[in-house]
1. May I ask you to verify whether G97 is surrounded by 10 or more Cβ atoms within 10 Å (Cβ to Cβ), at pLDDT 95 or above and assigned to a helix (DSSP H, G or I)?
2. Quick one: in segment 44-54, which of the residues that are in a helix (DSSP H, G or I) and exposed (fewer than 10 other Cβ atoms within 10 Å of the Cβ) is farthest from the chain's Cα centre (by Cα)?
3. For segment 60-87, which residues satisfy the criterion of being surrounded by 10 or more Cβ atoms within 10 Å (Cβ to Cβ) and in a loop (DSSP other than H, G, I, E, B)?
4. Any residue at all in segment 22-43 that is of a type in the set (D, E, K, R) and either in contact (Cβ under 8 Å) with a residue 60 or more places away in the chain or assigned to a helix (DSSP H, G or I) (or both)?
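The values are calculated or read from the model by the stated rules, or taken from the named source; none is laboratory data. Small disclaimer: the values here were computed from a predicted structure and weren't measured. FYI the Cβ positions are ideal-geometry reconstructions off the backbone, even for glycines, and counts take in every protein chain you see.
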Amino acid sequence: MIPALATLLVFQLLGEALVLMTGVPMPGPVVGLALLLFTLVLRPSVLGAIKPTAQTLLQHLSLLFVPAGVGVMLHLQRLGNEALAIGVALVVSTLVGLASAALTMAWLMKRTHR
């Protein structure tokens, strides 16, 4: 379990380092996850080493939402004051996400039918 956790943390560190060195406006863990995906595509044997640990982490993922819930309760007044802006941002971002997913899917379907 320790080597698998170390592997996951190394990929996160690599992602953070790449973002700091290049200045790409992207979260470091996302870049690290992309690097991990690339590694898994090239060397599928790595998956067997980290899969049990990753599944254990996913089983306890709900624990990571506790700090977010505490933050919401701590700033409840501010959330109430800015509810309209938050609501508009949620609706617009959801619509943009759905539209981009639909357009990407339509483009991919066109591309594969050729």
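1. Working: surrounded by 10 or more Cβ atoms within 10 Å (Cβ to Cβ): yes; at pLDDT 95 or above: yes; assigned to a helix (DSSP H, G or I): yes.
Yes, satisfied.
2. Kept after step one, since they are in a helix (DSSP H, G or I), are these residues of segment 44-54: 45-54.
Of the ones still in play, those that are also exposed (fewer than 10 other Cβ atoms within 10 Å of the Cβ) are 45, 48.
Details: S45: 23, G48: 22 Å.
Checked segment 44-54; the qualifying residue farthest from the chain's Cα centre (by Cα) is S45.
3. Passing the criteria: H75, E82.
4. Applying the first criterion (of a type in the set (D, E, K, R)) to segment 22-43 yields 43.
Still in the running and either in contact (Cβ under 8 Å) with a residue 60 or more places away in the chain or assigned to a helix (DSSP H, G or I) (or both): none.
Within segment 22-43, not a single residue is of a type in the set (D, E, K, R) and either in contact (Cβ under 8 Å) with a residue 60 or more places away in the chain or assigned to a helix (DSSP H, G or I) (or both).
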